[in-house]
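Here the structure is laid out as structure tokens; the discussion comes afterwards.
The values are calculated or read from the model by the stated rules, or taken from the named source; none is laboratory data. Predicted model, so just to flag it, every value in this text is computed and none were measured. Quick reminder, even Gly has a Cβ in these numbers, built from the backbone with ideal geometry, and neighbours come from all protein chains shown. These accessible areas exclude ligands, DNA and RNA; they are computed on the full protein's heavy atoms, side chains included. Shrake-Rupley method; radii C 1.70, N 1.55, O 1.52, S 1.80 Å.
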Amino acid sequence: MCTATMSAALLLAAACGPTPHDDADAARHTPVHVADAPAQLPIPRGKGSKTPDDDFNGDGHRDLVLNDLVKAQAHADDAGIGIVYGSDRGLQPGARQLLSPRRHAAPTKGQLPAVFDAEETCDLDGDGFTDLVVSTDPPYDGQGRPPVPLQLLFGSPKGLTGKAVKLTIPGAARVGNDWPDQPVCGDFDGDDAEDLVVHASGGRLSFLRGPFSRKGTPRAAGAPVPAPGNVPTGPSADVNDDGYDDLVVRTTQGAGPSALVLGGPTGPTRTGVTLPSGIDVALGAFGRGRAALDAAIGTLDGTSLRYDLPATAARGTLDVPGSMLDTADFDGDGLGDLISSGSRLRVFPGRKAGLKTAGMVTVEPPAQGTTRVVTVGDFDGDGRAELVVRAYVGETKDTVAVYAGVKEGLVEAEPSVTFSSAEFLAP
């Protein structure tokens, strides 16, 4: 029961990763630079797959989601969401798709949204094609209960096509007058169908049972469930290996304490271990021999990283700067490696005894500008994750780069693929 991630904080490589290909070779990592891939390529047709990650066209290869595309000129309207489709050689910048409010959003009272941001991905209707949960800004006069801002775009053999539908949250599953947002996918009740959890209000969550209809309606939804905070945070994972997906719930946006909420036959209703305050949380299999996953916490001041081991109650600190966190298995050893981004981007190897600074790798930005992690995942099917980062220079220029995972050294020093999100603006 593995789910995909946008702002990634978790990847269980041993459980969720694809089977390595024996014929993987250096041709997978032939650099594709911006100037080499300006032409639009057709989106590969798929037949549906069991790939647990973002596979919108169902061809068995992971795809990439990009928010906040660069603009033709500063202060222009948001262009929408970019999708780069994968192949057996990894991401193909030419096989790209722009999802815009004009073409793909559902209107509310005849008005199209100005905001159109990717929030979460999973196969909500169980047809073998990953679907996309999008956040919008429907008109609201501030009186009473606000409308649901989430819309669903369903995958198909041609990828994400057609108009989105509005997510239906039954009135009985809502409480208070907060916006129902912060969606997290996962199989929280263990029935092999993807569910959604969204924020309700007052320390409660709306639990929407899947599968979902093509009209955006969940199979069932009961009364809101109590939670230790107001901000459900993905990706989900089966933290305690009991067959039900679990999630992190933060007390507030930004820095603050959080807790694990455990799934079960009735959904995510049990509060588990409480985690210390921090800017970000990542869950991963950082050491061997434990049924439960470990939790790494980016501290408030960004000067060190803490990690807690729920199965053994062991704790440790890495005395290095770090704030925003992600995890993946870059060297294919079955252990999670931790990515810390802030002033620098570092990768810490997972070891039998847990996270270590020995063997840490610093990733050099692909270009000048503010560099952030986009996502992590195995895009070429070799059993090792790739690191996707993005360097911004203002609103009109950026570089997206893919760093391949390797057995020795965690990630390659140079990116195997680079391109700009400005390509989505090309006719």
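Worth a mention:
- Taken over the stretch 62-79, the residue count meeting the criterion of being within 30 Å of Gly90 (Cα to Cα), of a type outside the set (Gly, Ala, Ser) and open to solvent by 30 Å² or more (accessible area, probe 1.4 Å) is 4.
- Of all residues in the stretch 384-401 being in a strand (DSSP E or B) and hydroxyl-bearing (Ser, Thr, Tyr), the one that is farthest from Gln73 (Cα to Cα): Thr399
- The one condition in (1) open to solvent by 30 Å² or more (accessible area, probe 1.4 Å); (2) modelled with pLDDT of 85 or more; (3) among the β-branched types (Val, Ile, Thr); (4) in contact with a Ser or Thr (Cβ under 9 Å, 6 or more places away or on another chain) that Ile279 fails to fulfil: (2)
- Candidate set from the stretch 377-390 (those that are touching an Asp or Glu at 6+ places or on another chain (Cβ under 6 Å) and of a type in the set (A, V, I, L, M, F, W, C)); member that is nearest to Gly342 (Cα to Cα): Ala385
- Scanning the stretch 401-410 for residues being open to solvent by less than 70 Å² (accessible area, probe 1.4 Å) and over 15 Å from Gly377 (Cα atoms) gives a total of 1.
- The set of residues from the stretch 257-268 being open to solvent by 10 Å² or more (accessible area, probe 1.4 Å) and either touching a Lys or Arg at 6+ places or on another chain (Cβ under 6 Å) or under 10 Å from Pro228 (Cα atoms) (or both) comprises Pro257, Leu262.
- Scanning the stretch 64-117 for residues that are more than 19 Å from the chain's Cα centre (by Cα) and of a type in the set (Asp, Glu) yields Asp77, Asp78, Asp88.
- Looking at Gly126, Gly82, just one residue is surrounded by 21 or more Cβ atoms within 10 Å (Cβ to Cβ) and at pLDDT 95 or above, and that residue is Gly82.
- Residue count for the stretch 339-383, restricted to those that are in a strand (DSSP E or B) and either of a type outside the set (A, V, I, L, M, F, W, C) or over 30 Å from Gly394 (Cβ atoms) (or both): 14
- Criterion: under 22 Å from Thr418 (Cβ atoms) and at pLDDT below 95 - qualifying residue of Asp77, Asp63, Asp36: Asp36
- In summary, no strands (runs of 3 or more DSSP E) completely within the stretch 187-250 bear 2 or more residues that are acidic (Asp, Glu) and open to solvent by 20 Å² or more (accessible area, probe 1.4 Å).
- Residue in the stretch 313-331 that is at pLDDT 85 or above, within 21 Å of the chain's Cα centre (by Cα), surrounded by fewer than 24 Cβ atoms within 10 Å (Cβ to Cβ) and outside any strand (DSSP E or B) present: yes
- Check on Arg351, touching a residue at least 24 places away in the same chain (Cβ under 8 Å) and touching a Leu at 6+ places or on another chain (Cβ under 8 Å): yes
- Arg102 being at pLDDT 75 or above, out of contact with any Asp or Glu (no Cβ under 7 Å at 6 or more places or on another chain) and open to solvent by 40 Å² or more (accessible area, probe 1.4 Å): yes
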